[in-house]
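Have a look at the structure below, then the notes.
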Amino acid sequence: MFKSVLLPVDLGQESSWDRAMPAAQQIARDYGAKLTIMSVVPNFGLPMVSQYFPEGFEKQAESAASAALKQFVADHCDDPASVKRFTASGTIYDEILRYADKIKCDVIVMGSHRPALQDYMLGPNAARVVRHAKQSVFVVRPD
């Protein structure tokens, strides 16, 4: 049923992966699927904001995120050698959706958090992925 599982994580937010990681690994094991873990470095949003950062800052941030993701996979995955890693830069939910389509994954596994008031008005990344993904989305709630 599932041949490819995508797990987006926020390396700075344990709640994005503490319960979702075991679920994604279990789904991959149960179906013999390939697990891909991705992390997204958020973009600046407005071009005028970027002028306050040194030249090359985005590339350095993406490179640091890539190294951190490699270490994360080594520290938290049952079989790190079998896990594919990907780091993107941009709007979080857009990058998740774009990459899920690119690798033709069958299911996206995401951690979620208890919604705050602003999440009901703006929608968290998980909600946007659920609404717009062509793939099945398995949302893992916190305890």
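Can you report the number of residues in segment 70-84 which are buried (at least 16 other Cβ atoms within 10 Å of the Cβ) and in a strand (DSSP E or B)?
0
Could you tell me whether segment 52-66 includes any residue that is charged (D, E, K, R) and modelled with pLDDT of 80 or more? Before the answer, list the steps.
Filtering segment 52-66 for residues charged (D, E, K, R) gives 55, 58-59, 62.
Now narrow it down to the ones that are modelled with pLDDT of 80 or more: 62.
Taking every residue of segment 52-66 in turn, at least one turns out to be charged (D, E, K, R) and modelled with pLDDT of 80 or more.
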Could you tell me which residue of segment 96-128 is farthest from D18 (Cα to Cα), considering only residues that are assigned to a helix (DSSP H, G or I), within 13 Å of the chain's Cα centre (by Cα) and at pLDDT 95 or above?
R98
Any idea which residue in segment 5-40 is surrounded by the most Cβ atoms within 10 Å (Cβ to Cβ), counting only those that are assigned to a strand (DSSP E or B) and of a type in the set (S, T, N, Q)?
S39
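The values are calculated or read from the model by the stated rules, or taken from the named source; none is laboratory data. Predicted model only: the values in this text are computed from it and were never measured. Positions of Cβ are generated from backbone atoms using ideal geometry, with glycine treated the same way; all protein chains shown enter the neighbour counts.
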